[in-house]
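Every read-out reported here was derived from the displayed coordinates using simple, explicitly stated rules and does not represent laboratory data. Fair warning: this is a prediction, and the values are worked out from it, not measured in the lab. When we count neighbours, we look across all protein chains shown, and the Cβ atoms used for this are built from the backbone with ideal geometry, even at glycine.
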Amino acid sequence: MQPGGPVGKGKSKENQGKGNQGKGKTKARAQASVGADDTRSLLRAFEQALPNAATHRPEPAASGAADPGAGIGEISLSGKDYERLLRPLHVELVKLQDWVKAKGEKVCILFEGRDGAGKGGTIKAITERVSPRVFRVVALPTPTERERSQLYMQRYIAHLPAAGEVVIFDRSWYNRAVVEPVMGYCSEVQSERFLLGAPLFERILIENGIHLLKYWLEVGPEEQERRMRDRIGDGRKIWKLSPNDVTSFTLWDRITEARDRMFQATDSDWAPWWVARSDNKRRVRLNVISHLLSQLPYEEIPREPVDLPRRTVGRYSSPVLPRHRVPERF
């Protein structure tokens with residue numbers, strides 16, 4: 001399986017790759033050098049696929065500049081270039097938001113992947129410039145005893161989008177395909193039943209007007225280990241490391257097997273899986289946002305021009321400031 005495209009579309013991708021063999025060799029030679037000129041050309045090539053690219057020309061990263069989002073063996077993308085590339089995508093996400101509200105559309109986006117694959121950071125990059133009243137993130141905790149007695153899909157149905165909403169699942173019903181069977185939280189029979197029913201469930205969602213997108217973020221074993229060790233030593237990130245994360249860290253091959261079984265059973269024509277390589281955090285965020293925008297038929301909704309009215313300040317004088325004030329320590 002090759003990350004970066006829909007699962008099940010391998011033959012067409014392979015044929016296309018053979019036709020572009022010369023381009024592939026050129027890209028490989030470019031990646032062999034991380035000089036300023038090579039970085040500039042790579043960034044510009046990447047930027048061409050983004051909205052309004054001509055007005056947001058990136059500058060090359062400084063030689064040897066550190067990129068905390070770059071994985072092992074990855075070409076760095078400076079923070080300045082990342083922000084320049086991200087800005088037009090955020091503008092497009094606001095347009096998407098306006099379209100969803102105006103047209104009463106329903107969008108559901110699933111993010112799956114191993115622990116440390118970058119799901120949370122990608123979701124944050126999507127939602128940081130839009131309204132939480134429209135873009136809603138769902139990250140469900142461990143099911144209660146009551147929820148365990150329900151139909152498996154029941155706890156997820158309650159969180160599906162209504163008209164005018166975009167719902168993003170940080171892990172979804174696909175827990176039953178990968179995490180639960182590998183960790184022993186469900187039986188193989190339960191997992192197999194889920195894999196049989198999931199495509200039908202998703203077809204019902206789509207036939208009822210929900211735009212469904214499914215992403216798997218693919219991180220390599222070396223980069224995952226680096227991120228997990230970074231969490232252990234960082235007081236800001238230690239909360240991300242649960243006992244389940246530590247256990248699943250030792251089960252790489254079993255998770256891979258479960259992932260492939262999930263792809264084979266649930267990569268349907270109406271709801272395909274999209275795989276994004278996530279060893280570089282900044283690049284996967286740009287790639288995923290750009291891709292999801294390309295998958296939704298949104299259009300720009302005209303806005304009334306805004307003109308701030310004149311105002312008068314100073315007619316009222318406050319007699320006494322509040323006694324309790326926050327100390328200005330910074």
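Data table
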read-out	value
Verdict on S248 being among the hydroxyl-bearing types (S, T, Y), out of contact with any Asp or Glu (no Cβ under 9 Å at 6 or more places or on another chain) and in a helix (DSSP H, G or I)	no
W216 among the aromatic types (F, W, Y) and touching a residue at least 40 places away in the same chain (Cβ under 8 Å)	yes
Filter pass, S172 being without any contact (Cβ under 8 Å) to a residue 24 or more places away in the chain and within 23 Å of V246 (Cα to Cα)	no
Boolean, V138 is within 13 Å of C108 (Cα to Cα) and among the hydrophobic types (A, V, I, L, M, F, W, C)	yes
Test: residue in segment 150-160 that is more than 24 Å from F194 (Cβ to Cβ) and not basic (K, R)	no
Odd one out for L151 among (1) within 17 Å of S248 (Cβ to Cβ); (2) over 19 Å from the mean Cα position of the chain (by Cα)	(1)
